[in-house]
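Below you'll find the structure, written out as C-alpha cells, and then a few comments.
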Amino acid sequence: MKTLVLGGYGNFGARICRALAGDANIDLLVAGRNAGRAQRFADTLDGPASAVPIDCNAPDFSRTLAALGVDLVIHTAGPFQEQSYAVARAAARAGTHYIDLADGRRFVCDFPSALQDAFQQAGRVAISGASTVPALSSAVVDHLSAGWRALHAIDICIAPAQTAPRGKATLAAVLSYCGKPICVWRGGQWTQSPGWATPERVEFKRLRPRIGALCDIPDLELFPARYGVRDRVMFRAALEVAATQCAFAVLAALRGMGLLKRPERLAGLLDRISGVFDTLGTPLGGMVVHVEGLDHAGCPVRRAWHIAADNDDGPEIPCMATILLARKLAAGKTVATGAFTAAGLLSLDEFEPEFARWGMATDVVDEILEVSQRALSASATAALR
C-alpha cells in the first residue's frame, strides 16, 4: 500500500515513518513542503522510503495524490483545531484512504457527518482522531468497563514529560482553548468551564502527583453518549513543572479578561523558551484513566489504568493508533467504507506490543477493591488486638 505521510519529517510524522518504513506491506512516501528535509529524513530510515515535496494547500493536491498512485494519506500536519477538511476531501477525490492524528474537538466530532458521503462514494475509509484521544482513551475505557452495567464517570489525565519534544503545532493546539469556555458533561448535565482551569491534584502509579487542568478534546463530547455516562467526563493535562502550569493559568486568565484574544499566536515563542525549564523536569511522562460505575453484579466499582513512559518516549503514544490502523489497511484487513472517528476502532490488547516496544509500563488498579481489602485488613488487625 503506497502510504503518504503528510508532515512526514515533523514531530509525530517522523515517528510514524520510522515505524512504517520496515513494513513489507507499505511503500512509504515522506511528504512535506521542504524537499531537502524530506529527502534527508527519508535517507535515515531503516526501510525503503521516497521523499515527496508536496503542498497540501495547493489547488491540484488531489490530482497530485492520484498521479502518485497513493493508497493512504496519513495527515500529521497539525494543529487541527482550526483546520478545514480540505486534505480529507482531496483524499476522497483521489480515491485514497485517510487517517489523521487530530485531537481538535470540532474537527474530530464533526468529521463523520461531514465526510461520510464522500468516502462511501469513493469506496474508501477515513479515520479522524487516530491518536491518544479518542483512539487509545476509548480502548482503555472499553477494557476497564467490559461487562459493566453502567458507567457513572470517566476521568482522564495526560502528564507529558518536561523534556520530551513538544513542537510548535502541539503548543498551538493547546493554547487555542486556553481560557476559552469548554462544554463539559458534569453533574449529569452540560456545563462550561474555561480551558486550563479547575486545577486538581492527580495521582499516578509510577509518577509523582501533579496538578491537572481542564483541556478541550473530542472525548468530552463523544464519551457521554458513547458510554451513557451518568455523571461526569473530564479530561486534564498535568505539566511536570509547576511554573509552566502556572504560565498557562495566567494566559487563561488574560484571555478570560479579554486581554489576550489569540494565545495560540504565542506558540512559537513558548516553544523556543520552554526548554529553560527542562532542568527542573524529567524524561518521565504518563497517563491515567479512571472509570466509575456498576459492575456486572450491580456493585459500585472504580478502576484505573496507568501508563508510564520514560526516556522522553511519551510522544510515541499519540502515534500508535495511526501506526496500527495503517498496518491493518496495508495487510488487507476488511474495513467498512465511510468516515469515522477512531473511538472504538482498536482494542487495548492491540496497543500492548507497541507499549512493550518502548519499554512502557502499564498498570490496572481496582481502586475500590483495594480500599475494601485495606479496611478488612485493618478490621482483622483490630480484632486480633
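As a test of the formula, what do you get for the chain when each DSSP H run with n ≥ 4 contributes -39,500 (n - 2.57) and the sum is divided by the residue count, at 222 nm and rounded to the nearest 500 deg cm²/dmol?
On the way: 14 runs with 141 residues, N = 385.
Value at 222 nm, helices only: -11000 deg cm²/dmol.
Obtain the radius of gyration and the Kirkwood radius of region 1-144 from its C-alpha atoms and give Rg over Rh. Walk me through the numbers before you get to the answer.
On the way: Rg = 14.8 Å, Rh = 15.4 Å.
Result: Rg/Rh = 0.96.
Might you tell me the accessible area per residue for region 45-120, computed with a 1.4 Å probe and given in Å²? Don't skip to the end; give the middle numbers.
On the way: 3170 Å² over 76 residues.
Spelled out: the 1.4 Å probe surface of region 45-120, per residue, equals 42 Å².
If DNA, RNA and ligands are ignored and the probe is 1.4 Å, what is the ranking of ASP110, ASP46 by accessible area, most exposed first? Write down the numbers at each step before the final one.
Working: ASP110 60, ASP46 165 Å².
Ranking ASP110, ASP46 by accessible area, largest first, yields ASP46, ASP110.
Using a 1.4 angstrom probe and counting only protein chains, how large is the accessible area of TRP190 in Å², to 10?
120 Å²
Roughly how much of GLU367 is accessible, in Å² to the nearest 10, using a 1.4 Å probe?
Here the residue's solvent-accessible area equals roughly 40 Å².
For the chain, count all C-alpha to C-alpha pairs, find those more than 28 Å apart, and express that count as a whole percent of the total. Spell out each step's value before the answer.
Details: 34710 of 73920 pairs.
Here the tail beyond 28 Å accounts for 47 percent of pairs.
Of GLU200, GLU354, which has the most accessible area with a 1.4 Å probe, and how do the rest follow in descending order? Write down the numbers at each step before the final one.
Numbers: GLU200 95, GLU354 10 Å².
So the residues, ranked largest to smallest area, are GLU200, GLU354.
Sort 330-342, 23-35 by packing, meaning the average of other beta carbons within 10 Å per residue, with the highest value first.
Details: 330-342: 15.8, 23-35: 20.0.
Ranking the peptides 330-342, 23-35 by packing returns 23-35, 330-342.
Tell me, what HN-Hα J-couplings in whole Hz come from the Karplus equation 6.51 cos²θ - 1.76 cosθ + 1.60 at θ = phi - 60° for each residue of region 119-126, using x for Gly and Pro?
Each residue's phi maps through the Karplus curve to give 7, 5, 5, 7, x, 10, 10, 10 Hz.
Which value, in Å², gives the accessible area per residue of region 246-367 when a 1.4 Å probe is used on the protein heavy atoms?
Working: 5620 Å² over 122 residues.
Heavy-atom SASA per residue in region 246-367 reads 46 Å².
Name the trypsin sites (Lys or Arg not before Pro) in region 261-297 that are in a loop by DSSP and that have at most 16 other C-beta atoms within 10 Å, would you? Don't skip to the end; give the middle numbers.
Values: sites: LYS261, ARG265, ARG272; in loops: LYS261.
For trypsin sites (Lys or Arg not before Pro) across region 261-297 that sit outside H, G, I, E and B with at most 16 neighbouring Cβ atoms in 10 Å, the list reads LYS261.
Going by amide H atoms built from the backbone, whose H comes under 5 Å of the H on ARG149, apart from near neighbours?
Here LEU294, ASP295, HIS296, GLY298 satisfy the definition.
Rounded to the nearest 5, what % of the DSSP beta bridges within the chain are antiparallel ones? Let's see the in-between values first.
Details: 37 of 68 bridges.
Percent antiparallel among DSSP bridges in the chain is about 55.
In angstroms, what radius of gyration and Dmax does region 128-227 have, counting Cα atoms only?
14.5, 43
For GLU316, GLU352, give me the order by solvent-accessible area with a 1.4 Å probe, most accessible first, ignoring ligands, DNA and RNA.
On the way: GLU316 15, GLU352 65 Å².
The ranking, largest first, comes out as GLU352, GLU316.
Given the alpha-carbon gyration tensor of region 295-352, what are the semi-axes of its equivalent ellipsoid in whole angstrom, ordered largest first, with each equal to the square root of 5 times an eigenvalue? Could the numbers behind the result be given before it?
Numbers: eigenvalues 140, 90, 18 Å².
Semi-axes, largest first: 26, 21, 10 Å.
How large, in percent, is the carbon and sulfur part of the accessible surface of the chain at a probe radius of 1.4 Å? If you can, show how the numbers build up before the last one.
On the way: 9130 of 16970 Å².
Taking all protein chains in place, the chain shows 54 percent carbon and sulfur surface.
The values are calculated or read from the model by the stated rules, or taken from the named source; none is laboratory data. Keep in mind it's a predicted model, so treat the numbers as computed, not measured. As a convention, Cβ positions derive from the backbone with ideal geometry for all residues, glycine included, and neighbour counts pool all protein chains shown. Note: accessible area is taken over every heavy atom of the protein model, side chains too, but ligands, DNA and RNA are not part of it. Shrake-Rupley method; radii C 1.70, N 1.55, O 1.52, S 1.80 Å.
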